[in-house]
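The values are calculated or read from the model by the stated rules, or taken from the named source; none is laboratory data. Please read all numbers here as calculations on a predicted model, not as lab measurements. Please note: Cβ atoms are built from the backbone with ideal geometry, for glycine as well, and neighbour counts cover all protein chains shown.
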Amino acid sequence: MGLVGVFSFFGCGKQRAVVEQIDSPPFTIQKIAKSEKSFNMNYGRMSKHTYSDYRILYHGQPITFPSALESNTGYSGLWKAYILKDAPKPAIIAGSQNVFLITENESGVNFRIIAEQQSGFSSLQWLDSENGKPGINQQIYLSDDTDSTCILAGGKYLLVNENAVLDLSDLAFYPFKKHSAGLENYYPGKVIDFSPDQTQVVFVGSRSVHVTQFEYGLISFDYKRDTAYVVSFDQTETRMQDIYDITPTWLETFFEWTTTGEARYILKKRELDQLPVWQGRYSDGGAYFNLEPAKEEMKGALKEFVIGLLELSDSNFIEKEGNIKESIHFEYAGHTYTIGSFPELKQVHFSKYLFENSSDENLKLIKKVGDAFNEALRAGKYQDLFTTY
């Protein structure tokens, strides 16, 4: 592979510049920076729009894509194109609404469609790039990506559109069904794990049991056999306060891979002698410190804790008009803070007062209080003030 120099030219009223060129004979990818002006109705003036376009050459000549590349977009051309660095032969993934694997055969350029347009953008995600576990999900859409590379590397197994796996060792392609009767009405969400034998992709799943109530499970898809099973779990037992709490650390704490008599791996819940203690968590960029599922008595306990930590007196506490659900307000170092609750959500929280502007000072205090309270929780305090989901 080689990277050649940058050059530019003008035409058709658009500025164009080849900002990257990658050679993987007999293919070449050229990334082209484009900018165009259009009238912005919202601002009543002309505005500049910059995006990246791609061109793929075969023996130095531009290739022509099948008509299935796009069907209803206002932008023609490729949205993304990548050379698969570790493929056994020259191979490219490229597309827009539909995505293709491009290789060479005895007849010339060979196109294989690997992702067809659905309700959202197509996506690519390494399943084993993070010490054998899934990496970041990359969506394919039109954008200015002149600072990123056209080389795709980092793993051996590539999840395509969250419903197929491309094995880079031989470019074998395995589509699988994400929705079937065996999933017990669980709907797959984000990818969270990849089995030790690289045969199963694990998604976080959920199903609605009430308007505002959900049940959760892990859905494991064997992409080679095109089979699936669900490992349901309890939010309380797994200390899952929010779907974003499902991380590799959380997964390793509450689940494990075991082998069967057929030497196949099966995902199952761990049998724990003692559950981890409850912890509070931050939300909205650290603007809220939340405790849930918590009893209403937690609000009073948090108040007493804050009084001791910040050495407050009765004079610090104030009343506010339109007090929401008997929230507690106090003033400290020139700012106003709130200890409140949402009993229907089983949540107690600490934050700045609703109508005060956010600042570094109140964010630091929220973190100080939250970190100190979490330290007390880790020591086993206040655990009886939590409840169940």
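Numerical summary
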quantity	calculated
Subset of region 339-364 [crowded, with 20+ Cβ neighbours inside 10 Å and not small (G, A, S)]	I339, V348, H349, F350, K352, N362
Residue identified as without any contact (Cβ under 8 Å) to a residue 24 or more places away in the chain, in a helix (DSSP H, G or I) and within 25 Å of Q213 (Cα to Cα) among D384, D371	D384
Residue in region 79-91 that is within 23 Å of E162 (Cβ to Cβ) and at pLDDT below 90 present	no
Candidate set from region 355-384 (those that are among the aliphatic types (A, V, I, L, M) and out of contact with any Gly (no Cβ under 9 Å at 6 or more places or on another chain)); member that is farthest from G280 (Cα to Cα)	L365
Of residues in region 113-136 being of a type in the set (S, T, N, Q) and within 23 Å of Q200 (Cβ to Cβ), the one modelled with the lowest pLDDT	Q118
Inter-residue pairs, beta-carbon under 7 Å, first in contact (Cβ under 8 Å) with a residue 12 or more places away in the chain and in region 352-364, second polar (S, T, N, Q) and assigned to a loop (DSSP other than H, G, I, E, B), 6+ apart	K352/S358
Residue tally, condition assigned to a loop (DSSP other than H, G, I, E, B) and surrounded by fewer than 15 Cβ atoms within 10 Å (Cβ to Cβ), over region 297-319	3
One residue from E292, E252, E262 being closer than 30 Å to I219 by Cβ and touching a Lys or Arg at 6+ places or on another chain (Cβ under 8 Å)	E292
Residue tally, condition among the basic types (K, R) and surrounded by fewer than 12 Cβ atoms within 10 Å (Cβ to Cβ), over region 229-261	0
Conditions (1) in contact (Cβ under 8 Å) with a residue 24 or more places away in the chain; (2) part of a loop (DSSP other than H, G, I, E, B); number of the one not met by F289	(2)
Long-range neighbours under 8 Å by Cβ, at least six apart or interchain, first residue closer than 18 Å to Q279 by Cα and free of Cβ contacts under 8 Å to residues at least 12 places away in the same chain within region 296-312, second assigned to a loop (DSSP other than H, G, I, E, B) and among the aliphatic types (A, V, I, L, M)	none
Test for Q139: is it at pLDDT 95 or above and polar (S, T, N, Q)	no
Criterion: among the polar types (S, T, N, Q) and at pLDDT 95 or above - qualifying residue of T259, T238	T238
Top-ranked residue of region 333-368 - restricted to ones that are within 27 Å of Q213 (Cα to Cα) and charged (D, E, K, R), ranked as farthest from the chain's Cα centre (by Cα)	E344
Selected residue [hydroxyl-bearing (S, T, Y) and surrounded by fewer than 19 Cβ atoms within 10 Å (Cβ to Cβ)] from S96, S119	S119
Test result for E256, outside any strand (DSSP E or B) and charged (D, E, K, R)	no
